[in-house]
Every structure is written in structure tokens, then in C-alpha cells.
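Enquirer: There's a structure below that I have some questions on.
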Amino acid sequence: MSRARYVLEFSKQGYVRYVSHLDLMRIFKRAFRRSGIPVSYSNGFNPHPKMSISLPLTLGNTSASEYLEFYTDGDDGRDEWIGRLSRTLPKGVEPLRIGVIGEDMKRSVAASVVSCGYRIGYPPSEEDRIGGIVTEINRRDTLPVEKKSKKGPVTVDIRPKIRSLALDPKNACVRAELDAGPASDLSVELLIKAAAALADGGIARETLDVERTHITLDIDYHIDWL
């Protein structure tokens, strides 16, 4: 029996945006079982499949690129795994590609995440106001915002965690690249909260459509995409 480590890239669109992270993991657990993919299980009285999503997505947001890392006890028919998963996953969750992580693996995929890209769609009527907010954030050296913590509300400066922020009027959206991962992490929702505080009259969150466009990895191992 050969044990191997894989990463699945998938997208999350449509109504599946309202499926929680825990429920999504249950969906994948059933999909792998029905697909006949021999996922490895942990030991103990309550074994569970050895799989994890690298960066859980905020409920209500969509994503063009997510990563799920998993281990298997075999690789028979792995060229067919994408097709099998496509037939068992619900509409809105689309498997894109599977990669084999080399034996020189040192870190998990989750530990290798360094940033994420986002598309924040806005109503065209708000373009001038949104554009002004983007300009204001980019000219600032600091951007304080209040966030929740275990000890209560705290004020943090998120400006150093914004790698880039640009208006894309052609597509009526803002493109953002934000720190993500164990070293430094910025929630896109916290950025939106900070932006709303700068807006005259605020910004109605329900008017914005947020999609994660990509996840950037800083990996010290090889991924062989099938």
C-alpha cells in the first residue's frame, strides 16, 4: 500500500457560498467516499479522513480557487479522480485539478499560504465614491480598525497587511491582494469594515459581491499537477 499526499484545487460558486466550512468538509468526505478515492484515516476510537481546507472561506463569499490537502492509501485510477469528484460534488463546488505533493514535503499547504487575491464587486452607481475610498487608503500609512478578540474589541492597523488595492472600473470591482496565512493574516471583511468607516454615509455590505480569486503559496516542496 502506497501512501501519498495530494492537494485538490476547487472553486466554490453560486448558492454553495452559504454552505459553512464544516458542512463543506462533510460534503467532501462523502464525495471522496462515493468516488472511491482511498483517503487515509486517522487512528483512534473516532477515525476521521486526513484532509483539510487550507484557508476557510467567509460564509457568503465565493471563490475561484481553494485548496484541499488530503492523504491517500493508494493511487489507483488517480487520473480519473477529477471526473469522479465532479459527478459526486454538488453544483457550485467544481474540482479544478489535483496535484501530487513531493516526498520532500516539509510544510502543509495551509502553512505555506502567504496572501490572497479578492474581487470586491460594487454597484456601478457607487464607482466615484468607491474610487475615492481606494485612493484614500492607498495614500495612508496607517488604517486603524476595530476587530473582535478573545479579550474584547481591539484596534489594529491593517494598512501594512494590504499588499495592493486598485479600482477596476471596467469590471465594477476593487482588486485587493491581502496578507493571509500563519505569519500575517487580514480578513477581507475587516478591510471592507475599514473602508466603510471612511465612506460618507457608509457602505451597505449587502451591495458588495466578494470573490476570492486566488491563493498564493510560498512552498518549499514540489507539486506535480496531474
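Enquirer: For region 29-75: of the residues being out of contact with any Lys or Arg (no Cβ under 8 Å at 6 or more places or on another chain) and hydroxyl-bearing (Ser, Thr, Tyr), which is farthest from Ala4 (Cα to Cα)?
Expert: Filtering region 29-75 for residues that are out of contact with any Lys or Arg (no Cβ under 8 Å at 6 or more places or on another chain) and hydroxyl-bearing (Ser, Thr, Tyr), the one farthest from Ala4 (Cα to Cα) comes out as Thr58.
Enquirer: Next up: When the residues of region 20-77 are narrowed to those that are free of Cβ contacts under 8 Å to residues at least 24 places away in the same chain and under 26 Å from Glu206 (Cα atoms), which ends up surrounded by the most Cβ atoms within 10 Å (Cβ to Cβ)?
Expert: Asp23
Enquirer: Restricting attention to region 53-74, which residues are touching a Pro at 6+ places or on another chain (Cβ under 8 Å) and among the acidic types (Asp, Glu)?
Expert: Filtering region 53-74 for residues touching a Pro at 6+ places or on another chain (Cβ under 8 Å) gives 70, 72-74.
The answer is Asp73, and nothing else.
Enquirer: All but one of (1) under 22 Å from Ser125 (Cβ atoms); (2) aliphatic (A, V, I, L, M); (3) without any contact (Cβ under 8 Å) to a residue 40 or more places away in the chain hold for Ile162; which doesn't?
Expert: (1)
Enquirer: Something else about it: Of all residues in region 186-219, how many are part of a loop (DSSP other than H, G, I, E, B), within 16 Å of the chain's Cα centre (by Cα) and under 21 Å from Arg17 (Cβ atoms)?
Expert: From region 186-219, those part of a loop (DSSP other than H, G, I, E, B) are 186-187, 199-204, 208, 218-219; that's our starting set.
Checking which are within 16 Å of the chain's Cα centre (by Cα) leaves us with 186-187, 218.
Remaining after also requiring under 21 Å from Arg17 (Cβ atoms): 186-187.
Final tally of qualifying residues: 2.
Enquirer: Can you pull out the residues in region 87-133 that are polar (S, T, N, Q), surrounded by 14 or more Cβ atoms within 10 Å (Cβ to Cβ) and farther than 17 Å from His222 by Cβ?
Expert: So the first thing to find is which residues in region 87-133 are polar (S, T, N, Q), and the list is 88, 108, 112, 115, 125.
Subset that is surrounded by 14 or more Cβ atoms within 10 Å (Cβ to Cβ): 88, 108, 112, 115.
Passing the criteria: Thr88, Ser115.
Enquirer: I'm trying to understand the selection: among the residues of region 86-130, which are over 24 Å from Ala180 (Cβ atoms) and assigned by TED's automatic domain parsing to the domain that holds Asp185?
Expert: Pro123, Pro124, Ser125, Glu126, Glu127, Asp128, Arg129
Enquirer: Answer yes if at least one residue in region 170-193 is surrounded by fewer than 12 Cβ atoms within 10 Å (Cβ to Cβ), touching a helix residue (DSSP H, G or I) at 6+ places or on another chain (Cβ under 6 Å) and at positive phi, and no otherwise. Spell out how you get there, then give the answer.
Expert: Filtering region 170-193 down to residues surrounded by fewer than 12 Cβ atoms within 10 Å (Cβ to Cβ) leaves 170-171, 183.
Next cut, touching a helix residue (DSSP H, G or I) at 6+ places or on another chain (Cβ under 6 Å) only: none.
No, every residue in region 170-193 fails to be surrounded by fewer than 12 Cβ atoms within 10 Å (Cβ to Cβ), touching a helix residue (DSSP H, G or I) at 6+ places or on another chain (Cβ under 6 Å) and at positive phi.
The values are calculated or read from the model by the stated rules, or taken from the named source; none is laboratory data. Owing to the predicted nature of the structure, the values given are computational and were not obtained by experimental measurement. Quick reminder, even Gly has a Cβ in these numbers, built from the backbone with ideal geometry, and neighbours come from all protein chains shown.
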